[in-house]
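The values are calculated or read from the model by the stated rules, or taken from the named source; none is laboratory data. This is a predicted model, so every value here is computed, not measured. Note that each Cβ is placed from the backbone with ideal geometry, even for glycine, and that neighbours are counted across all protein chains shown. Side chains are part of the model used for accessible areas, which takes the heavy atoms of the whole protein and leaves out ligands, DNA and RNA. Shrake-Rupley method; radii C 1.70, N 1.55, O 1.52, S 1.80 Å.
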Amino acid sequence: MIRNTIITKDQSLSAIKNGEFGRDVISSQNIVIVIMTQDWCPQWTDMKSWVYSIKTDKNIDIYELVYNKTDYFYEFKNFKETRWKNFNVPYIRFYKNGSMYKQTNYISESEFMNILESMS
């Protein structure tokens with residue numbers, strides 16, 4: 001079962017302050033995926049068309065942050081690019097049991113599913 005949640009401002013600012021999302025995000029399920037993007041990104045449009053409807057027997061929380069639509073856009077963008085050294089969107093972080101498992105940028109549905117299978 002996929003559960004979709006929007007990252008809150010407090011959760012985003014906590015990540016900026018602490019260098020990582022809090023336990024409330026990364027430990028909310030055994031498998032957690034955080035997708036950070038900007039609304040104009042065509043690759044995000046593609047991913048969004050399938051990511052929330054994937055078929056899985058796993059309980060997965062997917063958190064979404066469309067940070068160009070926030071009032072802390074530049075602060076988050078700067079954090080993502082300087083602390084996490086990631087300049088592209090969408091930026092996807094996979095967590096397993098509360099620990100970083102993999103990070104990537106845009107991937108296809110089959111690549112996404114392969115990562116999920118590898119997390120079993």
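Within the range 1-45, the residues that satisfy the criterion of being open to solvent by 80 Å² or more (accessible area, probe 1.4 Å) and either in contact with a His (Cβ under 7 Å, 6 or more places away or on another chain) or free of Cβ contacts under 8 Å to residues at least 12 places away in the same chain (or both) are 10, 17, 18, 42, 45. Pairing each residue of the range 78-100 that is free of Cβ contacts under 8 Å to residues at least 12 places away in the same chain and over 17 Å from residue 64 (Cα atoms) with any residue that is open to solvent by 30 Å² or more (accessible area, probe 1.4 Å) and not charged (D, E, K, R), provided the two are 6+ apart or on different chains, yields C-beta distances under 7 Å for 81/87.
For the range 90-102, how many residues are open to solvent by 20 Å² or more (accessible area, probe 1.4 Å) and aliphatic (A, V, I, L, M)? Break it down stepwise before answering.
So the first thing to find is which residues in the range 90-102 are open to solvent by 20 Å² or more (accessible area, probe 1.4 Å), and the list is 96-97, 99-102.
Remaining after also requiring aliphatic (A, V, I, L, M): 100.
Qualifying residue count for the region: 1.
Can you find a residue that is more than 17 Å from residue 107 (Cα to Cα), crowded, with 17+ Cβ neighbours inside 10 Å and modelled with pLDDT of 95 or more anywhere in the range 46-60? Within the range 46-60, one or more residues are more than 17 Å from residue 107 (Cα to Cα), crowded, with 17+ Cβ neighbours inside 10 Å and modelled with pLDDT of 95 or more.
Just one residue in the set 64, 81 is open to solvent by 30 Å² or more (accessible area, probe 1.4 Å), among the charged types (D, E, K, R) and at pLDDT 95 or above; that residue is 81. For residue 61, the test of being more than 19 Å from residue 102 (Cα to Cα) and in contact with a strand residue (DSSP E or B) (Cβ under 6 Å, 6 or more places away or on another chain) is failed.
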